[in-house]
1. Taking Glu103, is it acidic (Asp, Glu), over 13 Å from the mean Cα position of the chain (by Cα) and at pLDDT 95 or above?
2. Only helices (runs of 4 or more DSSP H) wholly contained in the range 1-75 count here; list those with 3 or more residues that are at pLDDT below 95, among the hydroxyl-bearing types (Ser, Thr, Tyr) and within 24 Å of Trp177 (Cα to Cα).
3. Would you check if there is a residue in the range 90-100 being out of contact with any Leu (no Cβ under 8 Å at 6 or more places or on another chain) and closer than 15 Å to Gly178 by Cα?
4. Pairs please, first residue from the range 70-99 and closer than 18 Å to Phe118 by Cβ, second anywhere and part of a helix (DSSP H, G or I) and modelled with pLDDT under 90, Cβ atoms under 6 Å, 6+ apart in sequence or on different chains.
Amino acid sequence: MGWFDALLGRSKPAKPDLDALFALPSAAVTLQAATGFAPTGTGSVCFRAAEGGAFARLEQDIEALMGRVEISRDSYGYTWLLVRNPDVAGLVTDLHAANSSLESAGFGPSLLCSLVAFSGPSHRKLAVVYLYKRGTFYPFAPDGGSRRDNALELQVRGVLERELKIEPDLASWFPVWGAPGL
């Protein structure tokens, strides 16, 4: 960033740091101790699929590499890779591998987010979402239908803010309705 950009108040977007995902196992322990939410053993990677044979081969390579991946597409045109692993550290490693494969193949700009799903008291659901382009995390708590449990999301933010780099802009906490595994 040059001095002219600084003068005009412009800033460079944060670089994605996929290694930040490795903080999730520790954060999961903290979250479970503080709120009773435990990892479900599922996580997802969301990206905008590109057309062409190279991308189709990459999807096949990821599926062959990890073996436990389920691929689906949502109504917004995004592709989801659902990963299952009962060990949260292994799950995060699998999510990191999928993201890294997409990034190293030149599809980094297509990555949207990754999430790890949790379940809590009274069968409540929660996801800790990593925003690829911002390099930050935020909680998403669906509360039946198309409603969110904002109070729970803010509570989880308070619990995890020392463990993870939490997205400060609440407007960027977009809902991931229907995310596979959630």
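1. No: the conditions fail for Glu103.
2. Working: elements: 3-7, 24-35, 53-66.
In the range 1-75, there are no helices (runs of 4 or more DSSP H) which contain 3 or more residues that are at pLDDT below 95, among the hydroxyl-bearing types (Ser, Thr, Tyr) and within 24 Å of Trp177 (Cα to Cα).
3. Step one: list which residues in the range 90-100 are out of contact with any Leu (no Cβ under 8 Å at 6 or more places or on another chain), which gives 90-91, 93-94.
Still in the running and closer than 15 Å to Gly178 by Cα: none.
Checking the range 90-100: not a single residue is out of contact with any Leu (no Cβ under 8 Å at 6 or more places or on another chain) and closer than 15 Å to Gly178 by Cα.
4. Between residues of the range 70-99 that are closer than 18 Å to Phe118 by Cβ and residues that are part of a helix (DSSP H, G or I) and modelled with pLDDT under 90, the close pairs are Asp94/Met66.
The values are calculated or read from the model by the stated rules, or taken from the named source; none is laboratory data. Nothing here was measured: the structure is a model prediction, and the numbers come from that model. Note that we place each Cβ from the backbone using ideal geometry, even for glycine, and neighbour counts take in every protein chain shown.
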